[in-house]
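Asks: Let me give you the structure first, and then I'll get to my questions.
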Amino acid sequence: MKYLLLSFLLISAASAQTVLKITGEVSKPLHLQAADLKVMPYVEVKATDRDGQEHRYSGVPVIALLRKAGVTVGGQLRGENLVKYALVRAADGYEVLFALPELDPEFSARTIILAESVDGAALPAGTGPYRLVVPEEKKPARWIREVREIEIRFAK
Ligand SMILES: Nc1nc2c(c(=O)[nH]1)N[C@H]1C(S)=C(S)[C@@H](COP(=O)(O)O)O[C@H]1N2
Ligand SMILES: [Mo]
């Protein structure tokens, strides 16, 4: 009985874990759990991986995450807000940066996603649970694996 209770507590604690933080210049800082991401809009994009093959990735468009956190996108992406950027940080300390217009469909024709699956399967350990997929980028250096945080900052 004691062990049953203990495993129940451990399982609840594990499933309540924050998987992604959105911090910095946002009106609503977010500590999202896997279940919060599951109910967000999902899209599928085709992109060419490092192996030179096209794959189907699915996940949440980064713009949807920014809107949820109250980042100045869409009609608010003008004036001084044009010098804000998103710094994306991974479990291994790797970081990549996007200017906000790169992530906003009013500026950019490509949809950058926080992918959670490739060709219908979950991303492998060391890559997932979430990685960015940046379609039409000639090299995948910004396809950051094991994403943990998106921090919005002012470049001044
Ligand atoms: N977290 C994390 N993501 C990362 C890197 C890294 O070192 N750490 N390297 C990047 C670089 S330089 C490349 S080329 C691609 C390689 O993607 P792959 O692992 O799918 O081959 O991952 C990118 N994402
Ligand atoms: Mo790379």
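Asks: Can you name the number of the only condition in (1) away from ligand 1 (no atom under 15 Å from the Cβ); (2) assigned to a strand (DSSP E or B) that L114 fails?
Replies: The failed condition is (1).
Asks: Taking only the range 33-50 into account, find how many residues are assigned to a loop (DSSP other than H, G, I, E, B) and closer than 13 Å to D119 by Cα.
Replies: Final tally of qualifying residues: 1.
Asks: Give me a count of the residues in the range 117-132 that are under 16 Å from the mean Cα position of the chain (by Cα) and more than 10 Å from ligand 1 (Cβ to nearest atom).
Replies: Number of matching residues: 5.
Asks: Tally up the residues in the range 125-148 that are more than 15 Å from ligand 2 (Cβ to nearest atom), closer than 16 Å to I112 by Cβ and surrounded by 14 or more Cβ atoms within 10 Å (Cβ to Cβ), please.
Replies: Final tally of qualifying residues: 3.
Asks: While we're here: Which of the residues belonging to the range 117-142 are of a type outside the set (D, E), touching a residue at least 60 places away in the same chain (Cβ under 8 Å) and assigned to a loop (DSSP other than H, G, I, E, B)? Reasoning before the result, please.
Replies: Just the residues of the range 117-142 that are of a type outside the set (D, E), to begin with: 117-118, 120-135, 138-142.
Within this subset, residues satisfying the condition of being touching a residue at least 60 places away in the same chain (Cβ under 8 Å) are 117-118, 120, 129-130, 132-135, 140.
Matches in the range 117-142: G120, P129, Y130, V134, P135.
Asks: Sticking with this structure for a sec: Looking at G75 and the list (1) touching a strand residue (DSSP E or B) at 6+ places or on another chain (Cβ under 8 Å); (2) at pLDDT 95 or above, which single condition is not satisfied?
Replies: With (1) touching a strand residue (DSSP E or B) at 6+ places or on another chain (Cβ under 8 Å); (2) at pLDDT 95 or above applied to G75, the lone miss is (1).
Asks: At pLDDT 95 or above and part of a strand (DSSP E or B), is that true of I22?
Replies: yes
Asks: A follow-up question, please. Search the range 24-76 for residues being surrounded by fewer than 17 Cβ atoms within 10 Å (Cβ to Cβ) and among the β-branched types (V, I, T), and hand back the single one that is nearest to the chain's Cα centre (by Cα).
Replies: Selected residue: V43.
Asks: Take A91 and tell me if it is touching an Asp or Glu at 6+ places or on another chain (Cβ under 9 Å), farther than 18 Å from K21 by Cβ and of a type outside the set (D, E). Walk me through how you get there before you give the answer.
Replies: Details: touching an Asp or Glu at 6+ places or on another chain (Cβ under 9 Å): yes; farther than 18 Å from K21 by Cβ: no; of a type outside the set (D, E): yes.
Here the answer is no, as A91 does not meet what is asked.
Asks: I'd like to check something: does the range 81-100 contain any residue that is among the small types (G, A, S) and either touching a helix residue (DSSP H, G or I) at 6+ places or on another chain (Cβ under 7 Å) or away from ligand 1 (no atom under 13 Å from the Cβ) (or both)?
Replies: Yes, the range 81-100 contains a residue that is among the small types (G, A, S) and either touching a helix residue (DSSP H, G or I) at 6+ places or on another chain (Cβ under 7 Å) or away from ligand 1 (no atom under 13 Å from the Cβ) (or both).
Asks: So, one more: Could you check, for the range 82-98, whether at least one of its residues is over 24 Å from K46 (Cβ atoms) and at pLDDT below 95?
Replies: no
Asks: Of everything in the range 77-93, what is in contact (Cβ under 8 Å) with a residue 40 or more places away in the chain, among the aliphatic types (A, V, I, L, M) and crowded, with 17+ Cβ neighbours inside 10 Å? Give them in sequence order.
Replies: Correct list: A86, V88, A90.
Asks: Restricting the search to the range 88-136, which residues are under 27 Å from G70 (Cβ atoms) and acidic (D, E)?
Replies: Across the range 88-136, the qualifying residues are E95, E102, D104, E106, E116.
The values are calculated or read from the model by the stated rules, or taken from the named source; none is laboratory data. Quick caveat, the model's predicted, so the values are computed rather than measured. A quick note on method: Cβ atoms are made from the backbone with ideal geometry, for glycine too, and the neighbour counts reach across all protein chains shown.
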